[in-house]
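Taking it in order: structure first as structure tokens, then the write-up.
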């Protein structure tokens, strides 16, 4: 049986995404959000290159972490805050074009949640693979950001 993501939860997750300054600053876009899955993308225009002429590793780590978190929220909801406990990433190819992170849930437990992330370029060439672990904090941590402070 395929579970469906309710429109209410999807809307709440998207509202949370829209409040994250880093995603706005890096122009990370939500491409797909379904039960157990989140896809996010980032364009490569050279401004986010690392030491070499390719998307910096920290950028790929950031998009993997974000996509994994939102994939997990599709199953557990938004009432608990997720805190990244650890993650690994293996870089397989340079990111020379748009990068697309596809995150799926490995396990959504009562305390720990794990996700698998594959990052592809726009031609579906595999750029990196990652696993991310989160601890569920049994409280909602929230804050409002003011756009005028970030400019």
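Of the residues making up the range 53-89, just one is more than 20 Å from residue 109 (Cα to Cα), at pLDDT 95 or above and more than 13 Å from the chain's Cα centre (by Cα), namely 89. Is it the case, given these coordinates, that residue 52 is more than 23 Å from residue 8 (Cα to Cα) and out of contact with any strand residue (DSSP E or B) (no Cβ under 9 Å at 6 or more places or on another chain)? Against the criterion (more than 23 Å from residue 8 (Cα to Cα) and out of contact with any strand residue (DSSP E or B) (no Cβ under 9 Å at 6 or more places or on another chain)), residue 52 qualifies. Filtered by the rule that a residue be farther than 24 Å from residue 138 by Cβ and outside any strand (DSSP E or B), the range 109-125 gives 122, 123, 124, 125. Just so you know, in the range 16-52 the residues that are surrounded by 18 or more Cβ atoms within 10 Å (Cβ to Cβ) and under 17 Å from residue 122 (Cα atoms) include one that is modelled with the lowest pLDDT, and it is 48. Taking the residues in the range 90-107 that are surrounded by fewer than 19 Cβ atoms within 10 Å (Cβ to Cβ) and within 17 Å of the chain's Cα centre (by Cα) as candidates, determine which candidate is farthest from residue 52 (Cα to Cα). Applying the filter and picking the extreme gives 107. Looking across 55, 37, one residue alone is within 14 Å of residue 101 (Cβ to Cβ) and in contact with a helix residue (DSSP H, G or I) (Cβ under 7 Å, 6 or more places away or on another chain). It is 37.
The values are calculated or read from the model by the stated rules, or taken from the named source; none is laboratory data. In this text, all values refer to a predicted model and were calculated from it rather than measured experimentally. Glycine gets a Cβ as well: all are built from the backbone with ideal geometry, and neighbour counts include every protein chain shown.
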